[in-house]
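Structure first, then comments.
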Amino acid sequence: MIAEEKLKILTESARYDVSCSSSGSGRKNEGGIGNGMPDGCCHSFTPDGRCVSLLKLLMSNDCIFDCKYCMSRRSHDVPRATATPEEICSLTVDFYKRNYIEGLFLSSAVHVSPDATMELLVRTVKLLRTKYRFHGYVHLKGIPNADPLLVSEGAKYADRMSYNLELPSERSLKLLAPQKSKESLLSPMLRLCRERALFQAEKRKGFFLPAGQTTQMIVGASPERDGCILRLTESLYRTAGLKRVYYSSYAPVVEDALLPSVPSPALREHRLYQADWLLRFYGFDVEELVDEGEDLPLDIDPKCAWALRNMHLFPVEVNRAPLEMLLRVPGIGARSAQKILSARRYTALTFDHLKKMRVVLKRARHFITANGQFCGEEHAPALRCLLAAGDAAEAADAPEQLSLFAAGEHTPVQLPLFAQDAARSARTGEL
Amino acid sequence: MIYFFDGSKEAFLTAFLLAYRDGEALLTAGEKQLSIGQKSVFVRADPAMAAKCERRLLELDKRCMDDLSFLLRSGEGMRGQTAFLYLRLIAQRGRPVRGELAEDAVSEATECIRRIKLEAHRLKGFVRFLECASGALYAPVSPVNDVCDLLLPHFRGRLGHIPFVLHDVPRGKAAVWDGAHAFLAPLQHAEIVLSSDEAGWQALWRRYYNAVTLPSRARLKQMKGYMPVRYWKFLPEDPAAAIGDLPAADASANAGGASANAECAAGRALHAPSDAPSDAPSDTLPVKGRAPSPQAARDALPPPHGSPRPPAAPAHP
């Protein structure tokens, strides 16, 4: 059994990694323990509002890199620890058996060298899959500059891999993470994407990242605007086939003259997630949401901001509007749109019907008519104040990620919203 | 007229036929205070009537019995009435009404089914197993709705050959997987012997839970929204204590935390090491932390492979 103190050190070093989803893998239990749950599963929630789905650990926090923002950086004076593969495997299986976790999220500081670290991570996951016969979810971090063959080997045993982009531009990377480069992070991501596509096309036996790849960026440590971040996000979804891009509000855990001394507002991170959802599930293009050199407004959500800029398109009649337009109404999400579509086949919907159907009208009533009736505010400046006031109350408790909701996935071009295999994607929030 | 029934599907369908033409019918499986002059009847299940009713309803909507099986699991007082109004609408219209959400009966039934499925989904995460000395797993649960057996296929799939018991404490029943058979059985009180490592793994888990929390970000409302306090009772990580540790916990949240603390007493006692005395009243505990006799433990746990113990009720395959 791993020592409590070691577990504490390795967990505290890993807790700033945002990704914790366990969806996307349908791995079966083949005579051992564990299986994949394609919709993912949250096993607990911590007082910071985040879910605990995976056992999130570093293999080692003893790093040779010196990234300015990182609490495990070489020059930072913190207790160091390194776990053995056996310790990680036995901890995972015993936690899993008790239903504490859905699987393992294994990352590491760059210990000794990138190749040695990657080799240790791959050895651990192989051990878990073979000796311990564990078929639950495994998320493996890629180590920048590690040998591609080692990375590909890891991809055969993990359900998901991720390389953290960390910062949204090459310039910021050079400044704050001098040992990392855009090339060292993006090229393995693209290579894995190609290998995965080939694996699927050839219908080979076994697994190769069934749950795909994700990445993470720190927001607020460098000067990039939301418009720039979202453009990068959109291109990652399109070119690298990522399932998710995570954003992490910068929090000053180490002092450095190159870093801001105050944390980035959590609300900014929340707005980025909202915009990210609009890109993936609501048919928006980044050009419609924000200009490259601008930030998203903080006082209202990005969908409201878009609607206020396009008031000539509203109000829309809920009994006639196509799905694509319903999804663009502020306050109407994928689940509500689905309910409206289903119910209006049988009767002309009124506001009373919508209330009974639990369609939230706080924002939507300003942008819709129901059976010809309008119940909102028409005057645009007054409307903006109303929406901002309503949002302020919610923002006080701004979640860092959006909650689960039903309906479908989309590519930026099409919205096959009710395709059968799309429902899962929307429940998990992943493409 | 109020139609009381015992909560079973057969009794419900019998009551459905009796009440169908009664404009003021109210079906309930729970308790109901009668007003002066109000008539009531206790409906016994009539297999012939129930079968006839089921056949006819299935002709009109082949998925309606699936909906009914969910609706009758509801822990809400009006579960019989929600199902009655929904099925009566199907019978009146002569076709499926699923999706006609502007109808009160349909939207209420849909919402009720959604809540039940949500609870089953949540419990897949919030169930916590205790490892017994025999290697079998035991988990006490206290769901609002009767969803215990819905969880069986999920855990059977992932735990494979490991026997386990999901004990619905308030309903006094258990969903059991003995490594070869899945079945439901009545279980009022279980006594188990915990494995020698159990306390150690729980301590590690608590340490992990506390270490993974970002202390600078207190979002208790969000936490309780995703993981309602009613599910905290059997969690070894003890979220109520973790909230108490947070420096910036707000006043209202602390108040919630305090009540949760009291509620958690029983749960914590469950997670006590096997040699520690329990500090909670024994009548609230389905399991005592103190080591019971090996025979009692064997009785409480699923039988070994090939055991002749007959299934008490068929469970999901």
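The values are calculated or read from the model by the stated rules, or taken from the named source; none is laboratory data. This is a predicted model, so every value here is computed, not measured. In this analysis, Cβ positions are derived from the backbone assuming ideal geometry, glycine residues included, and neighbour counts consider all displayed protein chains. These area figures cover heavy atoms from the full protein model, side chains too; ligands, DNA and RNA do not enter into them. Shrake-Rupley method; radii C 1.70, N 1.55, O 1.52, S 1.80 Å.
Once R0 is set to 41 Å, what does the formula 1/(1 + (r/R0)^6) return for the Cβ-Cβ distance between B:ALA48 and B:LEU118, expressed as a FRET efficiency to the nearest 0.05? E(calc), rounded to 0.05, equals 0.70. In loop segments of the range A:290-370 as defined by DSSP, the trypsin sites (Lys or Arg not before Pro) with at most 11 further C-beta atoms inside 10 Å of their C-beta are A:ARG320, A:ARG345. Sorting B:PHE42, A:PHE207, B:PHE234 by accessible area puts them as B:PHE42, A:PHE207, B:PHE234; the probe is 1.4 Å, largest comes first, and only protein heavy atoms count. What percentage of all Cα-Cα pairs in the range B:1-150 are separated by more than 25 Å? More than 25 Å apart: 35 percent of the Cα pairs in the range B:1-150.
Phi-derived couplings, Karplus 6.51 cos²θ - 1.76 cosθ + 1.60 at θ = phi - 60°, listed residue by residue for the range B:162-173: 7, x, 8, 10, 9, 9, 7, 5, x, 8, x, 9 Hz, with x used for Gly and Pro.
Checking every one of the GluC sites (Glu not before Pro) in the range A:237-332 against DSSP loop status and a limit of 15 other Cβ atoms within 10 Å picks out A:GLU255, A:GLU292, A:GLU294. The calculated 222 nm mean residue ellipticity attributable to helices in chain A amounts to -11500 deg cm²/dmol, summing -39500 (n - 2.57) over DSSP H runs of n ≥ 4 and dividing by all residues. A simple charge model with +1 on the Cβ of Lys and Arg, -1 on the Cβ of Asp and Glu and nothing else charged puts the dipole of chain A at about 1560 debye relative to its Cα centre. Apolar share of the accessible surface for the range A:302-398: 52 percent from carbon plus sulfur atoms, 1.4 Å probe. Reducing the range A:171-221 and the range B:175-201 to their Cα centroids gives an inter-centroid distance of 43 Å. Note that chain A, at 10 °C in a medium of 1.306 mPa s, gets a Stokes-Einstein diffusion coefficient of 69 µm²/s from its Kirkwood radius over C-alpha pairs. Between B:ALA174 and B:ASP168, B:ALA185, B:LEU187, the built amide H atoms are under 5 Å apart, and every one of these is 5 or more places off in sequence or on another chain. Spin-label model, A:LEU190/B:ASP197: points 7 Å from Cα along the beta carbon direction are separated by 4.6 nm.
In the complete set of protein chains, residue-level accessible area for A:LYS97 is approximately 30 Å², probe 1.4 angstrom. The loop-placed trypsin sites (Lys or Arg not before Pro) in the range A:213-264, going by DSSP, include none that has at most 11 neighbouring Cβ atoms within 10 Å of its Cβ.
Taking amide H as placed 1.01 Å from N in the peptide plane, the amide H of A:PHE45 sits under 5 Å from that of A:VAL52, each at least 5 places away or on another chain.
Between the Cα long axis of helix A:380-395 and the first principal axis of chain A there is an angle of about 40°, rounded to the nearest 10. Taken about its Cα centre, the range B:1-70 carries a charge dipole of roughly 160 debye when the Cβ of each Lys and Arg holds +1 and the Cβ of each Asp and Glu holds -1. Note on A:GLU202 and A:ARG123: their simple-model spin labels are 2.8 nm apart, each label 7 Å out from Cα toward Cβ. The mean of 1/r over all pairs of different alpha-carbon atoms in the range A:1-148, once inverted, gives a Kirkwood hydrodynamic radius of 15.7 Å. Specify which residue in the list A:PHE134, A:MET118, A:TYR157 is farthest towards the positive end of the charge dipole of the range A:69-162, using unit charges on the beta carbon of Lys, Arg (+1) and Asp, Glu (-1), about the Cα centre. Checking the options against the dipole of the range A:69-162, the answer is A:PHE134.
Sort by residue number and report every cysteine in chain A with no other cysteine beta carbon within a distance under 4.7 Å. If one checks each Cβ against the other cysteines of chain A, A:CYS20, A:CYS41, A:CYS63, A:CYS89, A:CYS193, A:CYS228, A:CYS304, A:CYS375, A:CYS385 turn up with nothing under 4.7 Å.
Note on A:ALA382 and A:HIS312: with the Förster distance fixed at 22 Å, the Cβ-Cβ geometry gives a FRET efficiency of about 0.80.
Of the residues A:HIS43, B:HIS154, A:HIS312, the one with the largest accessible area comes first in the ranking A:HIS312, B:HIS154, A:HIS43, computed with a 1.4 Å probe on protein heavy atoms.
Computed from backbone phi, the HN-Hα couplings of the range A:8-16 come to 4, 4, 6, 6, 4, 6, 9, 6, 7 Hz, rounded to whole numbers (Karplus: 6.51 cos²θ - 1.76 cosθ + 1.60, θ = phi - 60°; Gly and Pro given as x). Quick query: amide H of B:LEU130 versus all other amide H atoms, modeled in the peptide plane; which residues come in under 5 Å with a sequence gap of 5 or more or a different chain? Under 5 Å from the amide H of B:LEU130: B:TYR138, B:ALA139. Shown are B:MET65, A:MET325, whose ranking by accessible area with a 1.4 Å probe and every protein chain present, most to least, is A:MET325, B:MET65.
Between B:ASP6 and B:SER35, the simple spin-label model (points 7 angstrom out along Cα→Cβ) gives 3.1 nm. Using heavy atoms of the protein chains and a probe of 1.4 Å, the accessible area assigned to A:ARG27 is about 10 Å². Residues in the range B:92-100 carry Karplus couplings, in order, of 5, 7, x, 6, x, 10, 3, x, 7 Hz; the curve used is 6.51 cos²θ - 1.76 cosθ + 1.60 with θ = phi - 60°, and Gly or Pro positions show x. The calculated FRET efficiency for the pair B:GLU76 and B:VAL229, based on their C-beta separation and a Förster distance of 22 Å, comes to about 0.75.
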